[in-house]
Amino acid sequence: MEATLSKYIPQASVTPVLELIKSNNVHLKIVNERKTRHGDYRKLPGGQHQITVNSSLNKYRFLITLVHEIAHLVAFHKFGRNIKPHGKEWKYTFQALMLPFIRPEVFPSNLLPLLAAHFKNPKATSDTDARLSLALKQYDPENDKNYIFEIPLGATFRLYNGKIFKRGNKRVKRFECLEVSTGRVYLFNPNAEVELLNS
């Protein structure tokens, strides 16, 4: 397990993560990329805890996702199964579990202040924190995608599922985009990755 973890998370985090996995009886599965989620947690019928994390994540996002899912397990164990999945108990647990990792031996210096700000009140996904998400994405492999905020007003783009949209105005934080085939308006986070189409 140690050798496997070394491929996916920063080296300085391997030993403490291994301890978290062992002490919480976690069965970790590293899976092919899913577009709708980075990872998930499930309690299996036999009582074992299964956590899946996408293999395609860069090592910093992989670590945050893995600890996020372990926090679900720990929060349910400590506070009971009736708590909200991303409620205050989970936030408290996630903060406590992440704190030992927010240091220069684990994360690059440009990410540390963004992580410190994010973990004052962690969200259900780091993707909703545009500044942190954009900073994390610079460690992803190069691809031909654009962020919504880079798409010119009125230009068309395609989502991973093939649907085509036209970029509209920015609201407070998100962008209104018109689905071309239905005429329905959807809101997109600025850091959503899409494929710009030649008009």
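Values for this structure:
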| item | result |
| --- | --- |
| Full-stretch length increase - residue 50, residue 145 - with 0.36 nm per residue and alpha-carbon distance subtracted | 31.0 nm |
| For the chain, built as a Gaussian network whose Cα springs stay under 10 Å, the top-fluctuating residue of 109, 133, 55 | 109 |
| Taking only Cα atoms of region 85-157, radius of gyration then Dmax in Å | 15.0, 45 |
| Kirkwood Rh and Cα Rg combined as Rg over Rh, evaluated for region 25-121 | 0.97 |
| Cα gyration tensor, region 146-196 - rounded (a/c under 1.5), prolate or oblate | oblate |
| Selected from 50, 138, 95 as most flexible by GNM, with the chain as the system and alpha-carbon contacts under 10 Å | 138 |
| Entries in 43/91; 7/173; 7/84 that, when Cα-Cα distance is taken, lie over 26 Å | 7/173; 7/84 |
| Helix runs (DSSP H) in the chain reaching 27 Å along axis by Cα, Kyte-Doolittle at least -0.5 | 59-79 |
| Sorted by Cβ density within 10 Å, fewest first, the residues 127, 140 | 140, 127 |
| Mean Cα-pair separation over length for region 1-159, i.e. relative contact order, pairs under 8 Å, 6 or more apart, % | 17 |
| Ratio Rg/Rh, restricted to the chain and using Cα atoms, in which Rh is the Kirkwood radius | 1.00 |
| Amide N of region 104-119 lying under 17 Å from the label point, which is placed 7 angstrom from the Cα of residue 15 along Cα→Cβ | 104-107 |
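Throughout, read-outs are computed from the coordinates displayed, never taken from laboratory work. This is a predicted model, so every value here is computed, not measured. Cβ sites come from the backbone with ideal geometry, for glycine too, and all protein chains shown count toward neighbours.
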